[in-house]
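What follows is a single structure, written as structure tokens, with notes after it.
The values are calculated or read from the model by the stated rules, or taken from the named source; none is laboratory data. On a predicted model such as this, the values are computed, not experimentally measured, just so you know. Ideal geometry is used to build each Cβ from the backbone, glycine not excepted, and the neighbour counts take in all protein chains shown.
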Amino acid sequence: MSLFIEGKLNAVKCNDCGHIRFPFMDYCNKCQSTKVDSYLLGPKGKLMSYTISYIRPMLGNFKPPYAYGVSRFLAEGDKSIDIMGIIQPGTPFEDIKIDGTIEIVEDKVFVVFKMVGD
Amino acid sequence: MRKVAVVGAGVFPFGRHDDLLYMNMGRPAVLEAIQDVGIDKKQIEACYCGTTGGVGVAHDILNEIDLLGIPVTRVENACVSGSNAIRQAWMDIALGVNDIVLAIGIEKMKDNSMATVAGATGRTQLEMKALRNFKIFSSLGIMGPPGYFALAAQRHMAEFGTTNEQLAKVVVVVNVIESLFHSFGVTDLIELAIPDTPNRKDVTVAVFT
């Protein structure tokens, strides 16, 4: 299953208990039901936190230092989901703002966050 | 349950010992602990060894001190592997399974990410191949526990205005608690926890930029 669908995160919603999680799996990890459907998150989210790593990533074709973080995506009702990903490589660190708005960028390996506003 | 006491301890100096094997570091520490408590090593009835990267190293260590024929169990729980070994030893004694148990905590951090030590390379090649295809866990390649803690700390700082200095003071508070231990005459545990830093009681918040 793909991580992304049309620029959004391909999450999964359980039709039995309503639990939403990412990435897509063909079962619900909360109630173990297999009655699940795709549920798209994003493309915009809020950057909750980030940090800068100075070690070489084991995967991916970018060099340190690089930033990664966790972003919050609104789901239905008052639900929201926090998902980790890398900040788009090449983004100046001073442009990264906690509570800033990010947009999902599709990637083969990672969930990538692009800063689009404060 | 029975009461349990730490009766002896030993430590090998912390450092980047690229040229040493796990058993080279573990052997002196275990010998020191046995000497500290003043028992015959043959009185030790079981061993739990907390390590993430060191597969099979407990056997190497015990072989080097000729302590064979006891149950040896490797305990893996990331950064808390050593603490987990102590817990297992405590359970053995508290529940009356054994009277004297050896708990070891040992690790060699390599020059790469936590993933190299903790997870990914310790798994089989086939698991690694599957892991790479199972995309979300690719995050193993860029993040480790220090990264998770950093994300939590950054959020705390953004939300509550917590400063670097305040986080650093946690270390100072720990140091004050150690001083209290000193005042009660409990020095063995401190030396166990903080080796080779005799002036630690002088720790204050230092430079953060």
* To do: Take the residues in region B:2-25 that are at pLDDT 90 or above and surrounded by fewer than 12 Cβ atoms within 10 Å (Cβ to Cβ), then tell me which one is nearest to B:Gly96 (Cα to Cα).
  => B:Arg2
* Go through A:Gly18, A:Gly117, A:Gly7, A:Gly42 for me and flag whichever is over 16 Å from B:Gly147 (Cβ atoms) and without any contact (Cβ under 8 Å) to a residue 12 or more places away in the chain. => A:Gly18
* Asked: Quick one: is B:Gly144 in contact with a helix residue (DSSP H, G or I) (Cβ under 7 Å, 6 or more places away or on another chain), at pLDDT 65 or above and surrounded by 16 or more Cβ atoms within 10 Å (Cβ to Cβ)?
  -> yes
* Asked: Got a sec? Which of A:Lys30, A:Lys114, A:Lys46 is more than 14 Å from every other protein chain (Cβ to nearest Cβ), of a type in the set (Lys, Arg) and either buried (at least 18 other Cβ atoms within 10 Å of the Cβ) or within 22 Å of B:Arg155 (Cα to Cα) (or both)?
  -> A:Lys114
